[in-house]
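Student: The structure under discussion is supplied below as structure tokens; questions concerning it will follow.
The numbers here are math on the coordinates, done by the rules we state, and not lab data. Bear in mind the structure is a predicted one, so any value in this text is a computation, not a measurement. Cβ atoms come from the backbone with ideal geometry, glycine included; neighbour counts cover every protein chain shown.
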Amino acid sequence: MKTVSLLLLVSALWLCAGLPARAQDAQTRFRLGQASEQAGDLDRAAQLYLQLHQADPTNIVYFDATQRVLLQLKRYDEAIALITTRLSANPADPALRATLGSVYYRAGREPEALQEWERVIAGDPTNQQRYRLIAGVMLENRLLERTVETYRSARVACKNPSLFSIELGQLLSATMDYRGATTEYLGWLTQNPAQMAFIQSRMGAYTWKPDGRAAAVDAVQEALRQRDDVRLHELLAWLYIEGKEYDRALEEYRTIDRMAKTQGASLAGFADRAYKEGAYDVAAQAYRDAIAAPLTGPRLAAAHYGYACALKE
């Protein structure tokens, strides 16, 4: 570490050689601060950064460095004073006020933190980026339930019931509300029907668990009671396959084939997968249904062959 610090110092001196004396001094101090920070001497780094910030309070680089080290040292009162002073020059800066709220929270002053975050949103209550900003800060502080509330408040304020569906899905999944997470993902799928693979990848974070998969099945079945959508049947079939419930998946593929008018192609595709996964009885049924659909051309011959192979297993 000492060697690294020495090298940084030498580099700083060389880089600053062509600068005016005042600039050289500032650059040298800043490099020394960086070297101290990297070497773990945070108190020394804080001292140097504070001196630089006091000499040039408008310099964002010095401000950020000072704030960063003060937070690492848990000198929250000083960090709060630092941010508050900068806010006085630009009280409408939402990112800075959000940061102030975060420091308040880390200092154990939750009411003041919430007040600052509420002020950010109140400054432009129909701006979804404000909600995104505050939700992100809350999430950094592991306030999962408050983050969910913030996203849901954004939907009401912005009059957009599908806003932040993916973010809410991830959060609800993290809190093991798998049914709620699935409902959010279904909302996204409704708005983005070509994103089935993406939604399956998100849901896969919990559908590998029996309770997660059961909750997802319940949510999809509930959605199907409200609207008979072929994509919902596809998702339900995928969930059944994930749980090795091939007989139930076959029922869904019969519906999919009928609704999508694929003339047995959907059934044949499912039959191929069931066969590969060792569900030979179900595969045989699916091949038989595909042949009766009827399939045409090369796929018909392939289905006959698959059916014969499944019967032999």
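Student: Just subtract the alpha-carbon distance of residue 176 and residue 311 from 0.36 nm times their residue separation and send over the number in nm, one decimal.
Tutor: Here the segment from residue 176 to residue 311 would lengthen by 44.4 nm.
Student: Report the label-to-label distance for residue 43 and residue 258 in nanometres (one decimal), using points 7 Å from each Cα along the Cα→Cβ vector.
Tutor: 7.8
Student: How charged is the neighbourhood of residue 172? Take every other residue with its Cβ under 10 Å from the Cβ of residue 172, and add Lys/Arg as +1 and Asp/Glu as -1.
Tutor: Every neighbour counted, the sum reads -2.
Student: Using 1/(1 + (r/R0)^6) with R0 = 51 angstrom and r between the beta carbons of residue 280 and residue 158, what's the FRET efficiency to the nearest 0.05?
Tutor: Result of the calculation: an efficiency of 0.45.
Student: Same structure again: Report the net charge of residues surrounding residue 58, where surrounding means a beta-carbon distance below 13 angstrom and charges are Lys +1, Arg +1, Asp -1, Glu -1.
Tutor: -1
Student: Right, something else. Computed over the Cα atoms of region 165-243, what is the convex hull's projected area averaged over all directions, in nm²?
Tutor: 4.3
Student: Given 10 °C and 1.306 mPa s, how large is the Stokes-Einstein diffusion coefficient of region 222-313 in µm²/s, with Rh as the Kirkwood radius over Cα pairs?
Tutor: 122
Student: If each of residue 51 and residue 166 carries a label point 7 Å out from its Cα toward its Cβ, how far apart are those two points in nm?
Tutor: 4.7
Student: Could you work out the longest stretch of the chain that avoids the trypsin sites (Lys or Arg not before Pro) located in DSSP loops with at most 13 other Cβ atoms within 10 Å?
Tutor: Answer from the scan: 1-73.
Student: Enumerate the residues in region 261-289 having an amide nitrogen under 12 Å from the point lying 7 Å beyond the Cα of residue 301 toward its Cβ.
Tutor: none
Student: Then there is this: So what is the 222 nm mean residue ellipticity for the chain from helices alone, if each DSSP H run of at least 4 adds -39500 (n - 2.57) and you divide by all residues, rounding to the nearest 500 deg cm²/dmol?
Tutor: -25500 deg cm²/dmol
Student: Show which lysines lie in cross-link reach of residue 276 when reach means a straight Cα distance below 18 angstrom and same-chain residues fewer than eight apart are skipped.
Tutor: Cα-Cα hits under 18 Å: 244, 312.
Student: Starting from a Cα-only point model with no solvent, please compute log10 I(q)/I(0) by Debye for the chain at q = 0.14 1/Å.
Tutor: Log10 I(q)/I(0), no solvent term: -1.02.
Student: Follow-up question, since we're still on this one. Net charge around residue 182, counting only other residues with Cβ within less than 11 Å of its Cβ (Lys, Arg = +1; Asp, Glu = -1)?
Tutor: Charge balance in the 11 Å sphere: -1.
Student: Extending each Cα 7 Å along its Cβ direction at residue 84 and residue 140, get the distance between those two points in nm, one decimal.
Tutor: 2.0
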